[in-house]
Amino acid sequence: MNQRIIEKLKTHFADSIISVNEFREELTIVVKKNDIVKVCQFLRDDEELKFDSLRDVCGVDHYRPEERYEVVYNLYSLKNKFRIRLKVRVEENDIHVPSVTCVWESADWAEREAYDMFGILFDNHPDLRRIYMPEGFEYHPLRKEFPLMGIPGSLPLPRKN
Amino acid sequence: MADFSDLLVFTKLDELIKFARKNSLWPMPMGISCCAIEMMAFAGPRFDVSRFGSEAFRFSPRQSDLMIVAGTVTYKMSHVVRKIYDQMPDPKWVIAMGACTSSGGMYRSYSVVQGIDQFIPVDVYVAGCPPRPDNLLKGLMEIQKKIARGEKPGQKEKIYIEETFQV
Ligand code: SF4
């Protein structure tokens, strides 16, 4: 199955694919940021592959000067009972990624979580708000520079009497 | 004239009110996470809190006078806990059940309040993760003793219930 997917993607999106990695039969494909929607659309609609379910979208902070952030998409095909992983690399000074909500509705909340925790902005997302932290919070807690105990005073407590 | 002396009990009104209050503490179950499971056991037939007159768990704060905070209180939730506390009629008592509620517990992180006494007055702290239901019963009995002594809620020294293990 892995070979089949690689073959298909290479014929259709030869310049979109940055790297392909196979480790213990798990397939990970790094895709160019601006082509992610195209690739996802193809993987979902292709009659043979049919990756019809998006299991998760999550962010990663590598804390390095180049390509600091990463967005990881976990896909599952109900027809083939098969999983793959797509990755997109994001620069710190251009922290925009096209949203895949137009391909899978289920990306909505997962992308909101990645936005809340890492501050990654998903373009064309229908409702990009924080999902866990309170509305007025100004930081993104899973970024590496955020201190474990938070920033004092950033989350208000109710008054005591 | 008939003799009623063995039928009547004479007492002070204060004592009568204290007796009534301490034997009908109605808890507000502020069950926010896993400790709430032990709080349910405390209400159930095995540990049977109705022996102490507290079996009537009220989900309306306006009908309860003891708040059992059982679980991890995040900053986002703290406003809700405080609001519910404010809605309870006086005199009201608070038990901080479990490590999370008393001190943040194992969640030493940006999102969890490191002890609910930062925003509401606590009367009894019950240790454990989660505390055994019998320790929570002991916490309840300490509140009853405080009422019997005529203390005001949230003022005199705090009571700490240590963890015990059943062998
Ligand atoms: S003290 Fe332990 S059992 Fe209680 S809420 Fe915290 S983690 Fe759960």
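So here's what we get for this one:
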item	result
DSSP beta bridges in the stretch A:23-120 [antiparallel fraction, %, rounded to 5]	85
Amide proton proximity set for A:Ser53, modelled H, under 5 Å, gap of 5+	A:Tyr76, A:Leu78
Estimated FRET transfer efficiency (A:Tyr139, A:Ser106; beta-carbon r; R0 30 Å; 0.05)	0.65
Rounded FRET efficiency, nearest 0.05, which uses the C-beta distance separating B:Glu163 from B:Val9 and R0 of 41 Å	0.55
Over chain A - Rg/Rh using Cα atoms and the Kirkwood inverse-distance radius	1.04
Highest-MSF residue in chain B out of B:Ser60, B:Ser102, B:Ser24 [GNM, Cα springs under 10 Å]	B:Ser60
Cross-link partners of A:Lys32 among lysines (Cα-Cα below 28 Å; sequence separation of 8 or more within a chain)	A:Lys8, A:Lys10, A:Lys50, A:Lys79, A:Lys81, A:Lys87, A:Lys144
Coil-residue trypsin sites (Lys or Arg not before Pro) of the stretch B:80-151, DSSP, other Cβ within 10 Å capped at 16	B:Arg108, B:Arg149
Antiparallel DSSP beta bridges within chain B, as percent of all bridges there, nearest 5	5
Chain A, relative contact order [Cα under 8 Å, separation at least 6], %	17
Cleavage-rule hits (trypsin sites (Lys or Arg not before Pro)) in the stretch A:65-102: DSSP loop, at most 13 neighbouring Cβ within 10 angstrom	A:Lys79, A:Lys81
Within straight-line cross-link reach of B:Lys146, lysines at Cα separation under 30 Å, skipping those fewer than 8 residues along the same chain	A:Lys160, B:Lys12, B:Lys18, B:Lys22, B:Lys83, B:Lys92, B:Lys138, B:Lys156, B:Lys158
Label zone at A:Lys10, where the point sits 7 Å out along the Cα-to-Cβ direction: the stretch A:24-39 residues whose backbone N lies under 19 Å	A:24-32, A:39
Chain B: most fluctuating residue of B:Glu142, B:Glu15, B:Glu38 per GNM, C-alpha cutoff 10 Å	B:Glu15
Cα-derived Rg over Rh, computed across the stretch B:25-161 with Rh taken as Kirkwood radius	0.93
Two-decimal ratio, the protein assembly as shown, of alpha-carbon radius of gyration to 2.2 N^0.38 Å	1.43
Sequence-distant residues sharing a close amide H with B:Leu66 (under 5 Å, placed H)	B:Trp26, B:Met28, B:Trp93
Separation between Cα centres of the stretch A:67-139 and the stretch B:22-93, rounded to whole Å	39
Cα lying deepest toward the dipole's positive end in the stretch B:25-161, options B:Leu25, B:Thr72, B:Phe47, charges on Cβ	B:Thr72
Chain B, relative contact order in percent, only Cα pairs under 8 angstrom and at least six apart counted	22
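Every number here is computed from the coordinates shown, using simple stated rules; none is lab data. Not measured: the values here are computed from a predicted model. Cβ atoms come from the backbone with ideal geometry, glycine included; neighbour counts cover every protein chain shown.
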